[in-house]
1. For the chain, take the longest principal axis of its alpha carbons; what is the angle in degrees between that and the long axis of helix 222-239, to the nearest 10 within 0 to 90?
2. May I ask you to derive the relative contact order of the range 705-853, considering only C-alpha pairs under 8 Å and at least 6 residues apart, and to give it as an integer percent?
3. Could you state, as a whole-number percent, how many of the C-alpha pairs of the chain are farther apart than 48 Å?
4. Just to check, using Stokes-Einstein with a Kirkwood Rh over alpha carbon pairs, what's the diffusion coefficient of the range 47-103 at 25 °C and 0.890 mPa s in µm²/s?
5. What is the distance in Å between the Cα centroid of the range 316-344 and that of the range 353-427?
6. With a 10 Å Cβ neighbour count serving as the proxy for reagent exposure, in which order, fewest first, do 596, 415, 450, 678 appear?
7. Can you give the three extents of the C-alpha atoms in the range 717-918 along their principal axes, from longest to shortest, in whole Å?
8. Restricting things to Cα coordinates, could you compute the convex hull volume per residue of the range 465-540 in Å³?
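Rule-based calculations on the coordinates, nothing more; no lab input. Quick caveat, the model's predicted, so the values are computed rather than measured. Heads up, the Cβs are rebuilt from the backbone with ideal geometry, glycines too, and the neighbour counts pull from every protein chain shown.
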C-alpha cells in the first residue's frame, strides 16, 4: 500500500533502540551500563478500567526509578524500588481512562544509568461483539511478511480499540503460484479466522499483478483481465460476503504508471467491469468498491473520466484516499466534496468510503507530533462522517518499521513489534480512536454544524432525547452547550477521561474547545462560543508549580459564588452582578518537561457548570548556551552561559566543553542560583568555520547538552556607543561618524533606477546598554507606503535582519521593519521568528519625510531585550534593506549586506562590533 509521499518519520528517535545510556556522575564509563528491555506481559500494554496495570521489563540494574505521565503531561505516578523486588513487573494503581507514558531509569550499584520507557492505555470496558457499526476501520498489514505484520495477537487489540473493519490483502501472486491453481496461503486464512473470532469485518483489497500471466503490476489486456478475474472470484469464494467487503485494487491511478495499463481510467474500468460481472454472477450480494483513488496528480480528471466510462455503475461504494499531511484534516473536506459533485453530475448517490487517510509521526518536516496524529485522525473521521462518508479506514494499525528516516514507518496507531518501547504498545492515536468508537458506537449521525469562525460540532443521536456532540475548534476558546436547566452533561476528553457537569439555571454548561475534540453527552440543543469562563497559565518551569488565573465574567443581574478545582486544590470566590472576578490556581511542581494541558472545573452556586483548559509547555530549569563574543578590545571569546530559570538553586557537577581542538571543564561543583545565570569565557581562536559543544552534568540526573557553529568575524563594522534622540533629525554626533553608503546596491537592481536622486542613502549604527540604534537618511524622489503592518515590506521603508554572533553562527534571524505609512502612523513589524510575528515590543521609531528635499529620515531604537541579544557580547550580524515603491508597487531595494530581501540567509549578514567607546 503506497502512502502519501510527503509522509514522515518516527516521533521517537533511534536513541531509544532499547535505551540511551548516560553516565553519572563520572564522565567516562568505567563499567558496563545496566541493561533495560521492555517486555509487555499484557499484549500492547492495553488495560481496561479495574484491571491491574503491570508493565513488564527486564534489567540487571540494582534499582529502577519510574515516572508516569498522562496525555496532559501531568505526572500521575512516581517511585523507585529495588529491581529484585519488582521482579520484572512494575505495578501501577492507575484506573482513570487515558493514554500514559512511562519513563524508566535503571541504575546500577555504581550509579551508572540506562534510560528507557514504555506507553500504556487504560480503556473503559465496552462490548463491540454485537455491534453493527462498521464506520471505523484501519489498514492492518496482516497479509504482509516481516516486521510490517503486527501478528495475530494484534487482532484483539483491534477489537478492543473499537476498530470494526480491517483493510488488508490476500495477494494474487501469493494465492496463485502455479498457473491455474488458486490456493490462498494459510497465514491469510488464519488472519481471516482471527478477524471473525474477534467480530472484526474484512475489507479485502483485490490486488496486484501475477508474473505467471504478465510482467507488469496491472493487467492491460482482455486475457490478463480474465486471469485476474478468476483470482477475484476465487477470493470471494474463499472469504465470502458475510462481514466482508471487497475493494478492487489500491490506488490504480498512482501505481504502475509506466506499465502497459498506464494507470489509466480506461484500463481500470475495463478490469472493474469484467470483475464485477463475474463476481456478481456467482455472489449477487457481494459489496465491490473502488477505485481506491489516490488524491494526487490529476485525480479530478482521472475520476471524471472513470465516471464518464461508467465506472460508477460497477461499484457499490466509491473509495478514496484524501491524504493532506502535514495539514489538518479540515483540508480534506474539499476533496470529498469534489468527488461527490462529480458523482452527482453523473447521477450517482452511492456511498463514499475513505479507505486510507493518515498522519505519520516523527522528525521529517512534514511529520506531525503523536498528539497531533491522534487529534487529526479523530477529526478526520468526524469530518468524514459529518460530510456523509459511510466508512473510514485509517492508515495504518501498526508502525510498519522503526527506521526514523523512512516515510512509511510511522503511520501506526500502535508501535512496531520491535520498537524499544514495547511491542504493539499504544500511541496516543490508538486510545483516541478507541474513545471515539466507544462514544459513537451504533449512534446515527444527526448532522454537522459550525460555530464561530473555526468551530465544529458533529452530533449523533443517543436516543431518549440524548445526543453525543463531538466538538473542537482550530482556534481555542470556550463554548457553551445548551441543555435543560439542571440536566447533566457528560464531558469526555479525547483520551477518555470523563467529567459530569450540570446545566445552570439559564440552561448552559461551559467547556474549552480546542484542537483536541471532546465529547458531550446529554440533552444538548446547541453549541456556541462564549467568554464567560477562561483559564490562563504562566509558562511552567519544571520543578516549580505552574500558576494561573481563572476568569469568571458574570453577565447576570445577580451575584454568584464559585469554587475552582484545579491541580488537586480548591479556591473559592464570588463575582458581583455584571462584573468579572478572577481566582488564582496552582498546579503542583513536577520534574517532567514537555507539552502540558491544564484543566480547571468551576462550580457556581454549588453546581459544577464549567470545565476550562489551556495548554502550555514545561521547560527544563537549566539551559546551556554559548556565544561568540568580543571583549572591549575586540578579542574573540567563547562565552558559556548556564541559566537556572527555576525558583530554587541547583547544584551542577560541571560543564564539559569542546571548541575545535580545545576542551575543558567549567563550573565544577558549582551551584546555579535561583533565576540566575552563570557566565564563563574561554579564549577563542578561529581560522575558519568550527563548532562547539557543551555537556552540563548533574549528579543522578540526565545531562544537558548543547552545540553550535562558529565562524570568524571579519570586516567588522564598528558601532560606537551613543544614545540617539528620536526626533527625526540625525544627531550631530551620529552624523560625524563614518556613514554606510547605499547607492545602486540592490540585487536584483531596482527596476528603472535613475541614479542617486531616485533612491540612495546613508546609514549609521550606534548602541547603548538598552538599545541598538539605526539612523538613516534616504534620498527618494517619490515616497509611497500604501501598506500597513506585516505588508510594509511592499512599500517605502526599512527592514533590519539581525542575529547574535558572527554571520552564519545563528540559523534564525530577527527581521524587523519600520515604515511611515500613507495613513499617517509609523508602523513597526517583526516577521521572524514566526513565533514572535507581530508588532515588536519596545521598538521605537521616528520617521520624517521632507518632500521638498525628497528625503526620509529614520531613527530606530530596537531594545536588546526584544532581540534576545546581550549587548555586552559586543558582536552581532545584520543587514539593512531600504525598500522602494514609487506608487506602482515594490520596484526593488537597496541593501547593506544581504540575507533578507534576496533570500533568508543570516550567513550573508555583515558583522558588527559594538565598541564601548563613546561616539564623538
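1. Roughly 80 degrees between the two axes.
2. Across the range 705-853, relative contact order equals 19 percent.
3. That tail contains 39 percent of the Cα-Cα pairs.
4. The estimated diffusion coefficient comes to 204 µm²/s.
5. Each part's Cα centre sits 18 Å from the other's.
6. 450, 678, 596, 415
7. That gives 42, 36, 28 Å along the principal axes, largest extent first.
8. Looking at the range 465-540, the number lands at 99 Å³ per residue.
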